[in-house]
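The values are calculated or read from the model by the stated rules, or taken from the named source; none is laboratory data. Quick caveat: nothing in here was measured; it's all calculated off a predicted structure. Glycine gets a Cβ as well: all are built from the backbone with ideal geometry, and neighbour counts include every protein chain shown.
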Amino acid sequence: MKARSHLNNKQGLYDPANEHDACGVGMLVNIHGGKSHDIVESALKVLENMRHRGAEGADNKTGDGAGILLQIPHEFILLQGIPVPEKGKYGTGLVFLPKDEAQRSAILSIMIEEIEKEGLTLMHLRKVPVNSDILGKRRTGNGTGYQTNFRHWLR
């Protein structure tokens, strides 16, 4: 009989009942920090080849939000007309906010308060354009208001 490891026991915040496979992770990087469209194209190909993991609904449109993570080029931000300081002096973040105005305002108020506690300034918010026409029926109507925020490092 195989001895049971103490690591399989519920303890603290760990509960083995929450364990599940994490099938479907692909990583592509240039270890020298180089940037190229080829890396993005390769990452999209990896994503396309991961359909087996069940991340797509029966309508072939509704997904689980799988995507690629990449750095937003400083030049792209400038081309969007977003006023930012010099490269390396700010950070960006993606926040999924509720569509309801009262809920969104409450969350933004807390975010701004916390950002300012860190000695930073929230410089800009923008609503990310979304093409809802391509969304599956299960997703239409319950989407969040996507916002990109830009923070200025003042330290």
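When the stretch 94-105 is examined, which residues are found to be more than 21 Å from the chain's Cα centre (by Cα) and either at pLDDT 90 or above or among the hydrophobic types (A, V, I, L, M, F, W, C) (or both)?
Of the stretch 94-105, the ones more than 21 Å from the chain's Cα centre (by Cα) are 101-102.
Passing the criteria: only ALA102.
Of all residues in the stretch 46-66, those satisfying the criterion of being within 19 Å of the chain's Cα centre (by Cα) and modelled with pLDDT of 70 or more are VAL46, LEU47, GLU48, MET50, ALA66.
Against the conditions (1) of a type outside the set (Gly, Ala, Ser); (2) surrounded by fewer than 13 Cβ atoms within 10 Å (Cβ to Cβ); (3) modelled with pLDDT of 80 or more, ILE77 satisfies every one except (2). ARG155 fulfils the conditions (1) modelled with pLDDT of 75 or more; (2) over 23 Å from GLU48 (Cα atoms); (3) loosely packed, with under 10 Cβ neighbours inside 10 Å; (4) not small (Gly, Ala, Ser) except for a single criterion, (1). Right, GLY91: in a loop (DSSP other than H, G, I, E, B), modelled with pLDDT of 85 or more, of a type outside the set (A, V, I, L, M, F, W, C) and more than 25 Å from LEU135 (Cβ to Cβ) or not? It is false that GLY91 is in a loop (DSSP other than H, G, I, E, B), modelled with pLDDT of 85 or more, of a type outside the set (A, V, I, L, M, F, W, C) and more than 25 Å from LEU135 (Cβ to Cβ).
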